[in-house]
1. Within region 58-76, is even one residue surrounded by 16 or more Cβ atoms within 10 Å (Cβ to Cβ) and part of a helix (DSSP H, G or I)?
2. So, in region 104-120, of the ones that are in contact (Cβ under 8 Å) with a residue 60 or more places away in the chain and not in a loop (DSSP other than H, G, I, E, B), which residue ends up most open to solvent (accessible area, probe 1.4 Å)?
3. Would you say R45 is outside any loop (DSSP other than H, G, I, E, B), open to solvent by 20 Å² or more (accessible area, probe 1.4 Å) and in contact (Cβ under 8 Å) with a residue 12 or more places away in the chain?
4. Spot the failing condition for G29; the list is (1) touching a residue at least 60 places away in the same chain (Cβ under 8 Å); (2) assigned to a strand (DSSP E or B), and only one is missed.
5. Among the residues in region 48-56, are any modelled with pLDDT of 95 or more and of a type outside the set (F, W, Y)?
6. State all residues of region 200-218 that are at pLDDT 75 or above and either of a type in the set (D, E) or assigned to a helix (DSSP H, G or I) (or both); if no residue qualifies, say none.
7. Can you work out which of the residues in region 8-42 that are within 13 Å of the chain's Cα centre (by Cα) and more than 26 Å from A155 (Cα to Cα) is surrounded by the fewest Cβ atoms within 10 Å (Cβ to Cβ)?
8. Return the only residue of K129, K174 being open to solvent by 40 Å² or more (accessible area, probe 1.4 Å), modelled with pLDDT under 60 and not small (G, A, S).
Amino acid sequence: MNRFLITEGNDPYENLALEELLFETQGDGATFYLWQNERTVVIGRNQNAWRECRVELLESEDGKLARRSSGGGAVFHDLGNLNFTFLLPRENYDLVRQLGVIQKAAAKFGIETSFTGRNDLVLTETGAKFSGNAFRFSNSVALHHGTILISVDFANLGRYLAPSKMKLEAKGVKSVVSRVANLGELNPALNVETMKRALAEAFAEEYGPYEPHSWELIDKDKLEQK
């Protein structure tokens, strides 16, 4: 049976621990998990935090630094960003289908999007990125998670993340920032809450009926051990 879950808190350590627990308990259906972190930089599995993030600045402003289980680059999360996670049996993994859920949700607000070869979702009209994605696989389970920029504070994004010297020389800070976009700027009806509802509808349209995954079913003792 498919499962749908929206996190209740904004703590990155708890949210990532829950993702790990869902990964370990994934069954035959598809799981779709939505979550948010407040003022957090999340780095990839193999990244050096001090090369990717201004750690002291982040922590001095009550931000958090977290490491995820997948690869990929460093990302900034605030409450204007909505994270999603797909968990499926490995044989059912289909990136185009999974990203199609995000694209269908955006389309409900009249926003046309495209998938690029860099695992990003972009605005078709401008090419600006609004979603980056990363992946993890076990022998039996596939995990695909990503971001959806809705009303992210790009000033803080630029302050906390430290692009590599190579990227700065090639593109410059202004270019890096100009290549991302908030979906909420394209339609005033689109915010985090309305996007959650649109994603739930799109998930059901693509994968069929789902059971809301009750917090009562989560093993709190196992969650605390993550």
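The values are calculated or read from the model by the stated rules, or taken from the named source; none is laboratory data. In this text the structure is predicted, and so the values were computed from the model without any measurement. For neighbour counting, all protein chains shown are included, and Cβ atoms are generated from backbone atoms with ideal geometry for every residue, glycine included. Surface areas here come from the heavy atoms of the whole protein model, side chains and all, with no ligands, DNA or RNA. Shrake-Rupley method; radii C 1.70, N 1.55, O 1.52, S 1.80 Å.
1. Among the residues of region 58-76, at least one is surrounded by 16 or more Cβ atoms within 10 Å (Cβ to Cβ) and part of a helix (DSSP H, G or I), which makes the answer yes.
2. So the first thing to find is which residues in region 104-120 are in contact (Cβ under 8 Å) with a residue 60 or more places away in the chain, and the list is 104-106, 108-111.
Filter once more, so that each one left must be not in a loop (DSSP other than H, G, I, E, B): 104-106.
Details: K104: 74, A105: 0, A106: 0 Å².
Here the residue is K104.
3. Values: outside any loop (DSSP other than H, G, I, E, B): no; open to solvent by 20 Å² or more (accessible area, probe 1.4 Å): yes; in contact (Cβ under 8 Å) with a residue 12 or more places away in the chain: yes.
For R45, the condition - outside any loop (DSSP other than H, G, I, E, B), open to solvent by 20 Å² or more (accessible area, probe 1.4 Å) and in contact (Cβ under 8 Å) with a residue 12 or more places away in the chain - is not met.
4. That leaves (2) as the condition not met.
5. Taking region 48-56 and keeping what is modelled with pLDDT of 95 or more, we get none.
For region 48-56, residues modelled with pLDDT of 95 or more and of a type outside the set (F, W, Y): absent.
6. Here is the first cut: in region 200-218, the ones at pLDDT 75 or above are 200-212.
If the condition is that a residue be at pLDDT 75 or above and either of a type in the set (D, E) or assigned to a helix (DSSP H, G or I) (or both), then A200, E201, A202, F203, A204, E205, E206, Y207, E211 are the ones that fit.
7. Selected residue: Y33.
8. Details: K129 fails: modelled with pLDDT under 60.
Just one listed residue meets the conditions, K174.
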